[in-house]
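One structure below.
The values are calculated or read from the model by the stated rules, or taken from the named source; none is laboratory data. All values reported here derive from a predicted model rather than from experimental measurement. Note that each Cβ is placed from the backbone with ideal geometry, even for glycine, and that neighbours are counted across all protein chains shown. The accessibility values were calculated without ligands, DNA or RNA, using every heavy atom of the protein model including side chains. Shrake-Rupley method; radii C 1.70, N 1.55, O 1.52, S 1.80 Å.
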Amino acid sequence: MTTSEARTRIDDLRAQIDDANYRYYVLDDPAMTDAEFDALLRELIELETRFPQLRAPDSPTQRVGAPASERFAPYEHMRQMLSLSNTFNADELRAFDERVHKLAGSAAGEDAPAITYVCELKIDGLAIALDYRDGMLERGGTRGDGRVGEDVTANLRTIPTIPLRLREPAPSFIEVRGEVYLRKSDFERLNATRERAGQPAFANPRNAASGGVRQLDPRLTAERKLSFFAYAIAQLEERAPKIGTQWNALERLRALGFHVNENIRRAATIDEVIAYCEQWEARRDELDYEIDGVVVKVDDLALQEILGAVARDPRWATAFKFKPREARSKLLDITITVGRTGTLNPSAVLDPVPIGGVTVRNATLHNAEYIASNDIRIGDTVLVTRAGDVIPRVVGPIVAERTGQERVFVMPDRCPVCGAAVDHPAGEAMSRCTNAACPAQVVERVRHFASRGAMDIEGFGDVLAEQLTQLGLVRDIADIYALDNAKLVNVPRMGERSAANVLAAIENSKGRGLARVLTGLGIRFVGEQTAAILAADFGSIDALAQAGDAELQRSEGIGPEVAASVVLFFAQEANRAMIERLRASGVSLLSGAPRRRSDGPLVGKIFVLTGTLPTLTRDEATALIEGAGGRVSGSVSKKTDYVVAGDAAGSKRAKAEQLGITVIDEDALRHLAGDHA
Ligand code: IVH
């Protein structure tokens, strides 16, 4: 390779890596697999080693990750957050071990010093640092580029396995590092919920975790149900004895109240290390979290110091990366299955190919947009990955292999299960069957209706929902209330007693009220919170069913999307008929007096309260506004009509001024509300 060829290739690699980093860190939408990324980075490192004159300070090899975004305050790392060199097989592990022995030996003046390693699973999440002062969580940040990350303390506080207070005896200061991750089971649940809400699914738990930690609203972080494993003490200030080894550090972390992975192992030889790596590569699917390798660390912390680091990688540790679970195959056809939520899911029919020990014949293609944006065509040679339990996925076509015979895929406009029209809202990824009674959707709708967050029918779980729909006893949610003893005896393994219990629970659920019913109906974008707001504002399902777009949008947090979805739901004859059957069965469709008044001087006006008012408490002010037909919202937006500011009004007042919204005081509020007392 000539220097000029190398320059061209290096430019190309840097551009690809920068783009991949941007998509991974900034967009949370990776364009390639980790293995592909590693291969590019490796090639670049090799070229830059061979052609040192082509090195550049802005090369992606010169930094660990991506720069911190500007959405969060910077978190400056007191000690740089390093990355890890990779090893891909036993030979490379042995080479690592030899290097460690050589360096350690020359430092100690010995030929063959004994070296102990600690083997840890490499959790596939994102690295964070946590500072505790006097036992209290003070600050936490992401890795960023290794020197400056993002201060995401408020988000990290929502993660239950991150202690807010350490167990005694806590050091005066400690910086803990570890991995925030999402359990596979929580990931599946999250994606199911997102799908139900019409949001695109996450490609893998890591993306969901990384996006979760970097939410602007900590409540959204909390919803993701993230977890944390601690794996290092980066700094420690105390008079207690020195920790000495990585193993002791992990034990200390445990004693302080952190979750330390239970599969850590001490290894006295590199053969033991290799055995551990091979064992976990074979067993990775047994775990409820994703791992992408093993981290091998020199146990002795003093020796770690001596070994030091080169550029971005410490010399005392390495990441053994598992073999990528991906392969090439031919995309023979694309078929459509209808999901339980009515989504039309395209799936790939592949030329059977072994990936990571199983033969893969089908893979998901997510949705039409995914197929189009990745330009995947029937007949293409494609790259397929299989990550853990997650269904195999087509990553993209290998364009160079095209023959010209490939066909572009077109989504059908009729549901392949029931023949109803398919809806593909502009700007959304998923196409959906519009028929709520589509057999493919019934099970999930019934299960959701009976679930704890909705009608909470005890004993009516997934299995029963499945059985009842399969037996044809329940075709929609209203059928639940038509169940009786004679019908339930047909259910396999259902005794008299459990039948009686289920019937009692069904009867019981009739009085749960409108909010629960609305949640249970599974109207798109209407989850528990939105349902509660609508129920309180409208008071009855009839009032809600008659509400138009504009009227709905006057409710807190209801935007055009949600409003349109509610209107669409009640416009369907089939849905209205089902509601009538619920009513006829005695299901309560009321929520008491509607909060919203249709008369009064403040009808249609939205208020935000901030600061301490001179005489009214927050509740009293709210009652005054609502009593006059107005509404109180928690946050200032373009929809806000008035901000009522009292003493020590903070950012809400500033925001109002910025948006040009009228700021008033208590007197003005009383005046507007017609309260001239
Ligand atoms: S040690 C210098 N231990 O793997 C020490 N890292 O490139 C570097 N990771 O994103 C970290 N599990 O967050 C270490 N048990 C473990 C780990 C681990 C996962 C991640 C880490 C970083 C990457 C290392």
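Between residue 637 and residue 473, with labels modelled 7 Å along Cα→Cβ, what's the label distance in nm to one decimal, could you check?
The answer from the label model is 4.4 nm.
Each label point is 7 Å from the Cα along the Cα-to-Cβ direction; what then is the distance between the points at residue 584 and residue 362, in nm?
3.8
Tell me the Kirkwood hydrodynamic radius of the chain in angstroms, computed as one over the mean inverse distance between distinct C-alpha pairs.
The answer is 29.2 Å.
For the modelled label position 7 Å from the Cα of residue 79 along Cα-to-Cβ, which residues of region 160-176 have backbone nitrogen atoms closer than 12 Å?
174-176
At a 4.7 angstrom Cβ threshold, list every cysteine in the chain that has nobody to pair with, or say none.
If one checks each Cβ against the other cysteines of the chain, 119, 277 turn up with nothing under 4.7 Å.
Give the cross-link partners of residue 321 among the lysines, using a straight C-alpha distance below 21 Å as the criterion and excluding same-chain residues fewer than 8 apart.
122, 184, 297
At 0.36 nm per residue, minus the direct Cα-Cα distance, what do residue 549 and residue 399 gain on full extension? Give it in nm, one decimal, please.
On the way: separation 150, 0.36 × 150 = 54.00 nm, distance 4.59 nm.
Gain on extension, residue 549 to residue 399, equals 49.4 nm.
Under a cut-off of 24 Å between alpha-carbon atoms, report the lysines in cross-link reach of residue 638, not counting same-chain residues fewer than 8 places apart.
Straight-line reach from residue 638, under 24 Å: 605, 652, 655.
What angle do you read, to the nearest 10 degrees and between 0 and 90, between the alpha-carbon axis of helix 184-196 and the longest principal axis of the chain?
40
Can you work out D for region 519-629 in µm² s⁻¹ from Stokes-Einstein, where Rh is the Kirkwood radius over C-alpha pairs, the temperature is 10 °C and the viscosity is 1.306 mPa s?
Numbers: Rh = 15.3 Å.
D = 104 µm²/s.
Please check which bits of region 246-279 a label hung off residue 238 would reach, taking the label as a point 7 Å along Cα-to-C-beta and the cut-off as backbone N under 18 Å.
246-260
Please report, to one decimal in angstroms, the Kirkwood hydrodynamic radius of region 92-150 built from all distinct Cα-Cα pairs.
15.1
Compute the angle between helix 3-21 and the longest alpha-carbon principal axis of the chain, please, reported from 0 to 90 degrees and rounded to the nearest 10.
40
Calculate what fraction, in whole %, of the accessible area of region 438-555 sits on carbon and sulfur atoms when a 1.4 Å probe is rolled over the protein chains.
47
Say each of residue 411 and residue 216 gets a label point 7 Å from the Cα, pointing the same way as Cα to Cβ; how far apart are those two points in nm?
In this crude spin-label approximation the distance works out to 2.8 nm.
Compute the long axis of helix 496-509 from its Cα atoms, compare it with the longest principal axis of the Cα atoms of the chain, and write down the angle in degrees, 0 to 90, nearest 10.
For helix 496-509, the angle is close to 70 degrees.
Expected output is a single nm value to one decimal: the length gained when fully extending between residue 658 and residue 188, i.e. 0.36 nm times separation in residues minus the C-alpha distance. What is it? Provide the component values of the computation, followed by the final result.
Numbers: separation 470, 0.36 × 470 = 169.20 nm, distance 4.10 nm.
Difference between extended and current length: 165.1 nm.
Average projected area of the Cα convex hull of region 560-624, in nm²?
With every direction weighted equally, the projected area is 7.1 nm².
Full-extension gain between residue 255 and residue 490, please, as 0.36 nm times their residue separation minus the C-alpha to C-alpha distance.
That pair, residue 255 and residue 490, stretches by 79.2 nm at full extension.
Net charge near residue 410: determine it from the other residues with C-beta under 15 Å of the C-beta of residue 410, scoring Lys and Arg +1 and Asp and Glu -1.
After counting each charged neighbour, the total is -2.
Checking the cross-link filter: which lysines have an alpha carbon closer than 22 Å to that of residue 487, excluding same-chain neighbours under 8 positions apart?
510
Quick one: accessible area per residue over the chain, 1.4 Å probe, rounded to a whole number of Å²?
On the way: 32350 Å² over 677 residues.
Accessible area per residue, the chain: 48 Å².
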